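Visitor: This is the structure I want to talk about, given as structure tokens.
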Amino acid sequence: MITGLKPKGFTWVITNRLAISERIGGNGFQHRRVRRDEEIDWIVHEAAITDVVSLLAGNQNLSSYTAADLNVHHVPVVGEVPSETRTELYGTIDRASAGKHAVVLVHREIIDDILAGLLGGYIVHAGLVANPILALAVIQEIVGWALGPEGRSLVQPET
């Protein structure tokens, strides 16, 4: 029996270890409490998520994640993404995924070139794919579209 509602755009980057999605409860200004609660139920019970890394500028949903016994991490990403933010994000994902049974969800308002590029950069950072060009191809296959210049630039190793 399936519990809850699968978040929009939910996609595994590393199967059963690292996923991405749109903001839980949907994007946009309107708050959708019932949908948010259903999606949190799904990520906890169906996807077995243990940690949520929010890239939103504000603190939307953070208390709801804590109430659902999820480990919460907040790395705001607004505008251009400086190397310091990438370093902070990659360290956060490393720490969140360090446990044997850890399953991490990273989300932004929507799945866009920035989110995809950051996760492409993460798989290079984590040593899962050594070549940034190959990592770009992998993340593009995962998200289903070709990243633009902004997303492609984020797949490069941190400087």
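What follows draws every value from the coordinates through simple rules; no lab data is involved. Bear in mind the structure is a predicted one, so any value in this text is a computation, not a measurement. We place every Cβ from the backbone using ideal geometry, glycine too, and count neighbours over all the protein chains shown.
Visitor: Quick one: in region 5-49, of everything that is outside any loop (DSSP other than H, G, I, E, B) and among the aromatic types (Phe, Trp, Tyr), which residue is surrounded by the most Cβ atoms within 10 Å (Cβ to Cβ)? Let's see the steps before the verdict.
Guide: Within region 5-49, the first condition is being outside any loop (DSSP other than H, G, I, E, B), and the residues that meet it are 11-14, 18-21, 33-45.
Those left that are additionally among the aromatic types (Phe, Trp, Tyr): 12, 42.
Numbers: TRP12: 14, TRP42: 19.
This residue is TRP42.
Visitor: Looking only at region 50-62, filter to residues that are surrounded by fewer than 18 Cβ atoms within 10 Å (Cβ to Cβ) and among the small types (Gly, Ala, Ser); which one of those is farthest from TYR90 (Cα to Cα)?
Guide: Once the filter is applied, the top-ranked residue is GLY58.
Visitor: Taking region 123-134 as the region of interest, how many residues are assigned to a helix (DSSP H, G or I), free of Cβ contacts under 8 Å to residues at least 40 places away in the same chain and under 17 Å from the mean Cα position of the chain (by Cα)?
Guide: Residues in region 123-134 being assigned to a helix (DSSP H, G or I), free of Cβ contacts under 8 Å to residues at least 40 places away in the same chain and under 17 Å from the mean Cα position of the chain (by Cα): 2 in total.
Visitor: Hey, can you tell me all the residues within region 33-81 that are out of contact with any helix residue (DSSP H, G or I) (no Cβ under 9 Å at 6 or more places or on another chain) and charged (D, E, K, R)?
Guide: Once the filter is applied, which keeps residues that are out of contact with any helix residue (DSSP H, G or I) (no Cβ under 9 Å at 6 or more places or on another chain) and charged (D, E, K, R), region 33-81 yields ARG35, GLU38, GLU39, ASP41, GLU46.
Visitor: Now, a different point. Of the residues that sit in region 83-101 and are surrounded by 17 or more Cβ atoms within 10 Å (Cβ to Cβ) and in contact (Cβ under 8 Å) with a residue 40 or more places away in the chain, which one is farthest from ARG17 (Cα to Cα)?
Guide: The qualifying residue farthest from ARG17 (Cα to Cα) is ARG86.
Visitor: Name the residues in region 67-95 that are among the hydrophobic types (A, V, I, L, M, F, W, C) and assigned to a helix (DSSP H, G or I), would you?
Guide: Of region 67-95, the ones among the hydrophobic types (A, V, I, L, M, F, W, C) are 67-68, 70, 72, 75, 77-78, 81, 89, 93.
If the condition is that a residue be among the hydrophobic types (A, V, I, L, M, F, W, C) and assigned to a helix (DSSP H, G or I), then ALA67, LEU89, ILE93 are the ones that fit.
Visitor: Does SER83 qualify as being of a type in the set (Ser, Thr, Tyr) and either over 25 Å from ILE40 (Cα atoms) or in contact with a Cys (Cβ under 8 Å, 6 or more places away or on another chain) (or both)? Spell out the reasoning first.
Guide: On the way: of a type in the set (Ser, Thr, Tyr): yes; either over 25 Å from ILE40 (Cα atoms) or in contact with a Cys (Cβ under 8 Å, 6 or more places away or on another chain) (or both): yes.
Spelling it out, SER83 is indeed of a type in the set (Ser, Thr, Tyr) and either over 25 Å from ILE40 (Cα atoms) or in contact with a Cys (Cβ under 8 Å, 6 or more places away or on another chain) (or both).
Visitor: Quick test of your reading of the structure: VAL75 fulfils all but one of (1) surrounded by fewer than 20 Cβ atoms within 10 Å (Cβ to Cβ); (2) among the hydrophobic types (A, V, I, L, M, F, W, C); (3) touching a His at 6+ places or on another chain (Cβ under 9 Å). Name the failing condition by number.
Guide: (3)
Visitor: Kindly indicate which of ALA146, ALA116, ALA137 is of a type in the set (Gly, Ala, Ser), without any contact (Cβ under 8 Å) to a residue 40 or more places away in the chain and closer than 22 Å to THR15 by Cβ.
Guide: Values: ALA146 fails: closer than 22 Å to THR15 by Cβ; ALA116 fails: without any contact (Cβ under 8 Å) to a residue 40 or more places away in the chain.
Within the list ALA146, ALA116, ALA137, the selection yields ALA137.
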